[in-house]
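The values are calculated or read from the model by the stated rules, or taken from the named source; none is laboratory data. Remember, it's a predicted structure, so these values are computed and weren't measured experimentally. FYI the Cβ positions are ideal-geometry reconstructions off the backbone, even for glycines, and counts take in every protein chain you see. Keep in mind that these areas ignore ligands, DNA and RNA; they rest on the heavy atoms of the full protein, side chains included. Shrake-Rupley method; radii C 1.70, N 1.55, O 1.52, S 1.80 Å.
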Amino acid sequence: MRISRAVLAATRIGGPVLAAGAAASAGYWLCMSPYSQVLGAFPYRGRGDEKVVALTFDDGPNGPFTPELADFLGERSILATFFQVGRAVLRQPEITARLASEGHVIGNHGFTHEFTNYLTPRTLAEDVRKGQSALATVGLRPALYRPPWLLRIPALGPVLARHNLRPVSGEFCHPLEVFQPGPEMIAEGALAKARPGSIIIFHDGFDGHGGNRGSTVAAVRIVVDRLSAEGYRFVTVDEMLGLPAYQASQPEHSPA
Ligand SMILES: [Zn+2]
């Protein structure tokens, strides 16, 4: 009797807690999981019929780490995809221009990378628009967008459609990358994810703030060496997914 009452009491307390936990994980799955397609197409990998991997870098440009990556990728004749933060582009436009001129693909990764700006339709729309405008200052009109934290709200689809942008997901190289553990640890995480068709997410910056990303740069060297030895090629995300990287048409309000 006593036990069942205790169980009942625990259930009364536990029920809401479990329900809240379930709602939180459902919310995560819906809005932040790299794999959820509930809010519309959100490709996180390619077809997988070829030994190709797409290396992607979020949160830059961030000197000197982004140029170090560009130097290394250039030595290996590898093209990658950089989802860049608009305010960082305005700080270091020469890095973005260099990447683009060397053939890397630049995507929109928002303007501020401030969490609260991605939670309401109005602030989200403004952030996407300003991200496109920042990239336009270096002559780019991306067709691809990666949401910061891969966060999606239902308004994202319509906002992106207005800008002719398509969302791109991927798989994080290592959950602790943000803390910059040793390069081997980051590399092992990325290599564990890598298989034909993988789109791997690294960070050459931290939000829009810059910061030391030396471990990531070193990890990318390890990953490239290892995957190359295994016979992998590296492609940009647009090639992996069969999507355009940039928009051909002129902005609506620009002179013809
Ligand atoms: Zn980011």
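Things worth noting here:
- Selected from Ser169, Ser77, Ser215 as most flexible by GNM, with the chain as the system and alpha-carbon contacts under 10 Å: Ser77
- With all protein chains in place and a 1.4 Å probe, the accessible surface of the chain carries 61 percent carbon and sulfur.
- Nearest-10 value in Å² for the accessible area of Glu239, using the 1.4 Å probe: 110 Å²
- Applying 1/(1 + (r/R0)^6) with R0 = 35 Å to the Cβ-Cβ distance of Arg122 and Asn212 gives a FRET efficiency near 0.50.
- Size descriptors for segment 44-122: radius of gyration and Dmax over Cα atoms are 14.2, 43 Å.
- If R0 is 30 Å, the Cβ-Cβ spacing of Glu102 and Phe179 corresponds to a FRET efficiency of close to 0.50.
- With respect to the chain, whose longest principal axis is taken over its alpha-carbon atoms, helix 121-136 is tilted by about 20°.
- For Phe82, the accessible area of its heavy atoms, probed at 1.4 Å with every protein chain present, is near 0 square angstrom.
- With the charge dipole of the chain set up from +1 on Lys and Arg Cβ and -1 on Asp and Glu Cβ about the Cα centre, the Cα lying farthest toward the positive end among the listed residues Cys31, Ala88, Gln180 is that of Cys31.
- DSSP-defined antiparallel bridges as percent of all bridges, the chain, nearest 5: 10 percent
- Label-to-label distance, Ala161 versus Arg91, with points set 7 angstrom from Cα along the beta-carbon direction: 3.5 nm.
- Under-5 Å amide H pairs with Phe82, H placed in peptide plane, nonlocal only: Phe57, Val105, Ile106, Gly107
- Alpha-carbon centroids, segment 167-232 and segment 135-151: separation in whole Å: 20 Å
- For segment 118-167, trypsin sites (Lys or Arg not before Pro) are listed when DSSP marks them as loop and at most 13 other Cβ atoms sit within 10 Å of their Cβ; the list is empty.
- Take the convex hull of the alpha carbons in segment 45-190; its mean projected area over all directions comes to 9.3 nm².
- Solvent exposure of the chain, expressed per residue, is 47 Å² of accessible area, with all protein chains present and a 1.4 angstrom probe.
- Degrees between helix 214-229 axis and first principal axis of the chain (Cα, 0 to 90, nearest 10): 80 degrees
- In degrees, nearest ten, helix 65-75 long axis to first principal axis of the chain (Cα): 60 degrees
- A straight chain from Arg76 to Phe115 at 0.36 nm per residue would run longer than the Cα-Cα distance by 10.5 nm.
- Reciprocal of mean inverse Cα separation for the chain (Kirkwood radius, Å): 19.2 Å
- Segment 159-239: C-alpha gyration tensor shape, a/c 1.5 cut-off, then a/b vs b/c: oblate
- Largest GNM mean-square fluctuation among Asp238, Asp71, Asp207, using the chain with Cα springs under 10 Å: Asp71.
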